């Protein structure tokens, strides 16, 4: 299995082994997974759209086969950004397309803001902008206090990918991180980017499910104001993972294919 060694991961607080999936050839496409890991929302439905690319899917520290545990906290997206840059350096990858899902979309946007020279373009799926997320408070509280409450199907995937009993520690840490992020909104900018999202200049395409339960009513309009040059696509029947959900996967694949075709011509 392929790994990249990082001398000092800002998530692990020390050395880390980053496991990654690596398939295909061509322009690198790096998929940055969400807060529950890769296997819960896999790319199975999208392989036809990405088959002409070198697809890399790293497990962040704390996830999958990478070094455990993870240190979360309100700043974990910024620390994950730094770890991602170290991962790219370890593979000598200079410029890539980044496709981020959920937490991964936040990390991808930070990449575009702080290291635009590494980015051909960004696909931001199920993007987060608001710090407080009041409609998701109960969800994050359940993650932090009772990971088993999400049902047998979800917990079996989490056990298989992250290991028993560690998966509970991971989900608790992720849930608590979002509660910490909500508390950090007091006295700070209300968004996850401290008012800097408008500095994003690399090409960006946002693909969002209209029924995403993690989205506040005002978030997408705020993102459009911050990123007027970005393309925003809202899939009518999509939830939090339109790329892997049956009602929305085909439409997501069409948008993904169109975007990748365009960017591959100018990369």
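Things to note:
- Looking across region 192-211, the residues that are crowded, with 19+ Cβ neighbours inside 10 Å, touching a helix residue (DSSP H, G or I) at 6+ places or on another chain (Cβ under 8 Å) and outside any loop (DSSP other than H, G, I, E, B) come down to 197, 204, 205, 206, 207, 208.
- Where a residue in region 185-197 is farther than 12 Å from residue 74 by Cα and its partner, wherever it lies, is at pLDDT below 90, with Cβ under 8 Å and at least six apart: 194/188; 195/189
- With respect to the stated conditions, residue 74 is over 18 Å from residue 158 (Cα atoms), touching a helix residue (DSSP H, G or I) at 6+ places or on another chain (Cβ under 7 Å) and in a loop (DSSP other than H, G, I, E, B).
- Every residue from region 64-120 that is in contact (Cβ under 8 Å) with a residue 24 or more places away in the chain and at positive phi: 64, 73, 102
- Hey, residue 91 out of contact with any helix residue (DSSP H, G or I) (no Cβ under 9 Å at 6 or more places or on another chain), at pLDDT 95 or above and farther than 19 Å from residue 222 by Cβ or not: yes
- Matching residues, region 146-191, being on the phi < 0 side of the Ramachandran plot, at pLDDT below 95 and not in a helix (DSSP H, G or I): 185, 186, 188, 189, 190
Conditions (1) over 16 Å from the mean Cα position of the chain (by Cα); (2) crowded, with 18+ Cβ neighbours inside 10 Å, marked per residue:
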site	(1), (2)
12	yes, yes
25	yes, no
37	no, yes
48	yes, no
93	yes, no
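- Selection status of residue 84, buried (at least 17 other Cβ atoms within 10 Å of the Cβ) and more than 17 Å from the chain's Cα centre (by Cα): no
- Subset of region 98-114 that is outside any helix (DSSP H, G or I) and in contact with a helix residue (DSSP H, G or I) (Cβ under 6 Å, 6 or more places away or on another chain) - its residue that is nearest to residue 26 (Cα to Cα): 98
The values are calculated or read from the model by the stated rules, or taken from the named source; none is laboratory data. Computed from a predicted structure; not experimentally measured. When we count neighbours, we look across all protein chains shown, and the Cβ atoms used for this are built from the backbone with ideal geometry, even at glycine.
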